[in-house]
Amino acid sequence: MLKNLRIFSALLLMLTVSLVLGVTLVGCDLEKEDEELHIEEGVVSGLLYEVTLNGETLFTTESLEGYFAVLAKVEETMTEALGYPHSVENDLDIKLVAIETTATVASSDDMYSTILSKTKALYSDCYAIYLDGNVLGHCPLSEKDHLSSVVADIVAYVSEKDNNRNEKSTVYATLGYAKTSTIVKANDLKDAFLSIKDDSSATMDALDGNIVDIIESIDSALLFGSSSIPEDLDAAITSTTERVVRTETEAVAYGHVRRPDTDFGLKYGDDDPEFVHIKGKDGQCTVEYEDVYIDGVYSHTVRIDSSVEITVAPVDEVTVYGTQSTTWDGGKFSWPTVGWVTSEYGPRKAPVAGASTYHKGIDIARSGNPKIVAAAAGEVIKAGWSDSYGWHLKIDHGNGVITLYAHMNKRPVVTVGERVYEGEYIGNMGRTGRVSGAHLHFEVYVNENRINPRKYLSGNPKPQW
């Protein structure tokens, strides 16, 4: 078919030339297209065909059939030498020009030897490097001593590829024949493999085009190659990599979760340390490892992270931290307990002998010894006993503001120097000191002067929590 197309193209060319030069073409015998014509050398006049290569005239012929038969013979010869189909047009930029002249035409043997020599000049004997039966590239014959290290580099490269898992891969070098321009020095190829250990695209861009082709050929061979060294091949250098998969059981470390406190009344910051609410527990998983052997000797192990399968889920460790601020924001106070206000701030009738007739705070009463909480965040500056206040507590809120909590049923649960947040439990209502019944006496000081606590409180206390 190819020969038919060439003859048809040549006929169109001759027809064009004849129209330009006014020459009449003699009809070609197409029935002889499959015959190998034998052309003798000699001086001929008329419409001839000049064959040139890069501006150099190779020969002149009067027979297109003979010329294309010679091309086919050259391609057959090169195909046999290379081991794969060859095309003269891919190697030589030959031009065919029809002219009316008198010239010595070449014999078929001369045309064959001329074109074959020009083609063979582009090729050299070399070492061909194979991976699983696929040709990767070629190295000069003079560098045979370096090939063993190149083969080892290719094996190392292959052993790191996930897409070649659980298979044997054989790399070998043997005598070959290839285009000289594609032959790569062994040391350059070795250096290239060392430079792309990180598979950097920037490094690849800096490499020679032929070396990049070889590396890409290796990747293609990994995907599609599956054969080993042919039995009848006397390989110059061989190396084999094998990957053996094994499954291991491993611990899965538990994670750490830190969350704000919603259950324990922890203070914010350094006032109350964090604590572990839920203790962490490791889980378990199965994971595959590949032990890589090069020429039967252990080389290294690769962990296949994509194979991890969780069999026992880990339990995260939960640490709780406080969110309650121990610094007063300057706003309104919370009511320090529940119940009813039984005595307001200001003038009053003394409830018991010796009591003041000017009440310096607010009394809040309720049965059952309800709890007392800090009306605002601050620092405990007093916690103790007095004859009039009984068990009592003072909190400094900053900016000259202090609150007092008196007549607790027992010693306060917080101590001097401790910081408390708004709403933090500090003790229980009682009847210690000079009292007529159980209640909380609550005072507010501003710059050491007692004021009506109502200025810092809103509404009335809740009757119960």
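Per the conditions (1) closer than 30 Å to ARG431 by Cβ; (2) open to solvent by less than 70 Å² (accessible area, probe 1.4 Å), the sole criterion not satisfied by TRP340 is (2). Residues that are under 60 Å from the mean Cα position of the chain (by Cα) and over 21 Å from GLY339 (Cβ atoms) are absent from region 435-452 altogether. Candidates in region 442-458 are the residues that are touching a residue at least 60 places away in the same chain (Cβ under 8 Å) and in a loop (DSSP other than H, G, I, E, B); of these, the one that is surrounded by the fewest Cβ atoms within 10 Å (Cβ to Cβ) is SER458.
Filtering region 98-138 down to residues that are of a type in the set (Ser, Thr, Tyr) and over 21 Å from MET78 (Cβ atoms), which residue is surrounded by the fewest Cβ atoms within 10 Å (Cβ to Cβ)? Before you say what the answer is, go through the steps one by one.
Step one: of region 98-138, the residues of a type in the set (Ser, Thr, Tyr) are 101-102, 104, 107-108, 112-114, 117, 119, 123-124, 127, 130.
Those left that are additionally over 21 Å from MET78 (Cβ atoms): 101-102, 104.
Details: THR101: 12, THR102: 9, THR104: 11.
Applying the filter and picking the extreme gives THR102.
Pairs linking a residue in region 316-337 that is open to solvent by 30 Å² or more (accessible area, probe 1.4 Å) to a residue that is part of a strand (DSSP E or B) and of a type in the set (Ser, Thr, Tyr), with Cβ atoms under 7 Å and 6 or more positions apart or on different chains, are THR323/TYR268; GLN324/TYR268; SER325/TYR268.
The residues in region 73-91 that are surrounded by fewer than 18 Cβ atoms within 10 Å (Cβ to Cβ) and under 53 Å from the mean Cα position of the chain (by Cα) can be counted, and the count is 13.
Name the residues in region 53-62 that are in a strand (DSSP E or B), loosely packed, with under 15 Cβ neighbours inside 10 Å and among the polar types (S, T, N, Q), would you? Let's see the steps before the verdict.
First pass over region 53-62, keeping only residues in a strand (DSSP E or B): 53, 56-61.
Checking which are loosely packed, with under 15 Cβ neighbours inside 10 Å leaves us with 53, 56-57.
Answer for region 53-62, where residues must be in a strand (DSSP E or B), loosely packed, with under 15 Cβ neighbours inside 10 Å and among the polar types (S, T, N, Q): just THR57.
Residues in region 280-293 that are open to solvent by 40 Å² or more (accessible area, probe 1.4 Å) and more than 14 Å from SER307 (Cα to Cα): LYS281, ASP282, TYR293. Return yes when VAL401 is among the β-branched types (Val, Ile, Thr) and in contact with a helix residue (DSSP H, G or I) (Cβ under 9 Å, 6 or more places away or on another chain) and no when it is not. The answer is no for VAL401. Checked against the criterion of being in contact (Cβ under 8 Å) with a residue 24 or more places away in the chain, loosely packed, with under 15 Cβ neighbours inside 10 Å and more than 21 Å from GLU448 (Cα to Cα), the candidates TYR425, TYR421 yield just one match: TYR425.
For LYS410, the conditions (1) charged (D, E, K, R); (2) within 30 Å of VAL287 (Cα to Cα); (3) free of Cβ contacts under 8 Å to residues at least 40 places away in the same chain are fulfilled apart from (2).
Using the structure shown, decide if GLU250 is modelled with pLDDT of 80 or more, over 30 Å from VAL373 (Cβ atoms) and out of contact with any Phe, Trp or Tyr (no Cβ under 9 Å at 6 or more places or on another chain).
Details: modelled with pLDDT of 80 or more: yes; over 30 Å from VAL373 (Cβ atoms): yes; out of contact with any Phe, Trp or Tyr (no Cβ under 9 Å at 6 or more places or on another chain): yes.
Against the criterion (modelled with pLDDT of 80 or more, over 30 Å from VAL373 (Cβ atoms) and out of contact with any Phe, Trp or Tyr (no Cβ under 9 Å at 6 or more places or on another chain)), GLU250 qualifies.
The values are calculated or read from the model by the stated rules, or taken from the named source; none is laboratory data. Note that the structure is a prediction, hence the values are computed from the model and not measured. When we count neighbours, we look across all protein chains shown, and the Cβ atoms used for this are built from the backbone with ideal geometry, even at glycine. Accessible surface areas use protein heavy atoms only, side chains included; no ligands, DNA or RNA. Shrake-Rupley method; radii C 1.70, N 1.55, O 1.52, S 1.80 Å.
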